[in-house]
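Structure first, then comments.
The values are calculated or read from the model by the stated rules, or taken from the named source; none is laboratory data. As the structure is a computational prediction, the values presented were derived from the model and not from experiment. So basically every Cβ, Gly included, is an ideal-geometry build from the backbone, and we count neighbours across all protein chains shown.
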Amino acid sequence: YLIPKPFDRRLITTIAPAVAEAAMRSGIATRPIADLNAYRQKLREFVYQTGFGMRAVFSAAKGVRETRIVYCDGEDERMLRAAQTIIDEGLTRPILIGRPDVISARLKRIGSKLVPGTDFEVVDPASDSRYKECWTSYHQLRKRHGVTIDIAKTRLRTNNTIIGAILLKLGYADGMICGLSGRFAHHLRQIDEVIGKVPGRSTMAAMTHVLLPGRALFLCDTHVNEDPDAAQLAEITLMAAEAVSRFTIKPKVAMLSHSNFGSSQSASTRKVSEALAMVRAKAPDLEIDGEMHGESALSEAIRDRSDPESPLSGEANLLVMPNLDAANISYNLLKMTGGDGMSVGPILLGAALPVHVLVPTSTVRRVVDMTALVVVEAAAE
């Protein structure tokens, strides 16, 4: 056995259940554990604060056929550490884009025993056998948008996000994760150019899951649309409600505003009210109300003072903000003041294929959490 570091999380998540299982097999256990999988899950929730909120997603991810998820930041040490957990958890067979020598050197530096090519696939942009197929496909997609053959060839050697998106589009992967470096908007633009939007959708958006003590909140649009109009806001709301359902949580939607049930008649307020009417017309069974203050969304007692007949019951769990500033500021404040910095996302909404764009501050655990989510999405395709 290898002796782990004193604060290696595998002390709890891997070694503890292994010892318990060995004790039961040998007959020395005085209190046998009836369900080892449930025991392992409880240990993960103890170690990883996102464990409880992501339980249903992880359970669903482990129940699907083997998937292939491509990671565009294959040389990043966070990605390599995440790959170990992803493989240990049996979530997917990772495909890492990067230089094989760099990946091997960094695996050695972090003490990982993973073997490139055996434990996971490596896509080397400099020598991959599918290079011609990839640049040809990319050129066909973008040749009427200023992309020449030479530009296509160069990008399919140097731009990992485009490489990953083309592999996904051609069917060499079932899902994709990028964004550990670089700007979110830059990655999103490239994804839109290669992958595109869900048919019938006019926009993409981002939802973030903030983990608070005793409460799960989803906020949107935290990263994409600066000032969506009423139709876009309605579309974002419908996409977000569908995404919340993947967590096996019934969406309870509050359309937020500085106005509380008509207390103001500003342009922003009218936009939110119009969006609400559009959502109700398209999804009459969705539990939703607005426009309202944040306190009304999170307190039924406060909401009842304005409208005791509101169709929204209890606390809202999906908060739809009127613009990007409101959503992103709220998300970061909640995350740091109430959620101990724990969140899942950004969860990209509206892309034609399962793909997510992380942010440079993402942790190893966030990569693992988003992997479980993209696996579930890929299985639903």
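Can you confirm whether segment 276-287 contains a residue that is more than 15 Å from residue 220 (Cβ to Cβ), without any contact (Cβ under 8 Å) to a residue 40 or more places away in the chain and more than 29 Å from the chain's Cα centre (by Cα)?
Checking segment 276-287: not a single residue is more than 15 Å from residue 220 (Cβ to Cβ), without any contact (Cβ under 8 Å) to a residue 40 or more places away in the chain and more than 29 Å from the chain's Cα centre (by Cα).
Give me the pairs: first residue in segment 242-265 and at pLDDT 90 or above, second residue in a loop (DSSP other than H, G, I, E, B) and β-branched (Val, Ile, Thr), beta-carbon distance under 6 Å, and six or more apart or on different chains, which are they?
Taking only residues 6 or more apart or on different chains, not a single pair turns up.
Which members of segment 211-266 meet the condition of being basic (Lys, Arg) and surrounded by 15 or more Cβ atoms within 10 Å (Cβ to Cβ)?
Result: 246, 252.
Which of the following residues is on the phi < 0 side of the Ramachandran plot, crowded, with 19+ Cβ neighbours inside 10 Å and not basic (Lys, Arg): 318, 298, 333? Give the derivation first.
Details: 298 fails: crowded, with 19+ Cβ neighbours inside 10 Å; 333 fails: crowded, with 19+ Cβ neighbours inside 10 Å.
On inspection, the qualifying residue turns out to be 318.
Here's the yes/no breakdown for (1) under 14 Å from the mean Cα position of the chain (by Cα); (2) closer than 25 Å to residue 231 by Cα; (3) β-branched (Val, Ile, Thr):
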residue	(1), (2), (3)
299	no, no, no
305	no, no, no
323	no, yes, no
326	no, yes, no
351	yes, yes, no
366	yes, no, no
381	no, no, no
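Does residue 326 fit the bill of being modelled with pLDDT of 95 or more and part of a helix (DSSP H, G or I)? Give the derivation first.
Values: modelled with pLDDT of 95 or more: yes; part of a helix (DSSP H, G or I): yes.
In short, yes.
Of the residues that sit in segment 87-106 and are in a helix (DSSP H, G or I) and of a type in the set (Gly, Ala, Ser), which one is surrounded by the fewest Cβ atoms within 10 Å (Cβ to Cβ)?
Among residues in segment 87-106 that are in a helix (DSSP H, G or I) and of a type in the set (Gly, Ala, Ser), the one surrounded by the fewest Cβ atoms within 10 Å (Cβ to Cβ) is 105.
Need pairs with beta-carbon distance below 8 Å; first residue under 12 Å from residue 95 (Cβ atoms) and within segment 106-123, second at pLDDT 90 or above and assigned to a loop (DSSP other than H, G, I, E, B); sequence gap 6+ or separate chains.
Hits for this filter: 120/114; 122/74; 122/98; 123/74; 123/98.
Within segment 129-142, is there a residue that is modelled with pLDDT under 95, of a type in the set (S, T, N, Q) and either outside any loop (DSSP other than H, G, I, E, B) or touching a strand residue (DSSP E or B) at 6+ places or on another chain (Cβ under 7 Å) (or both)?
Looking for residues that are modelled with pLDDT under 95, of a type in the set (S, T, N, Q) and either outside any loop (DSSP other than H, G, I, E, B) or touching a strand residue (DSSP E or B) at 6+ places or on another chain (Cβ under 7 Å) (or both), one finds none in segment 129-142, hence no.
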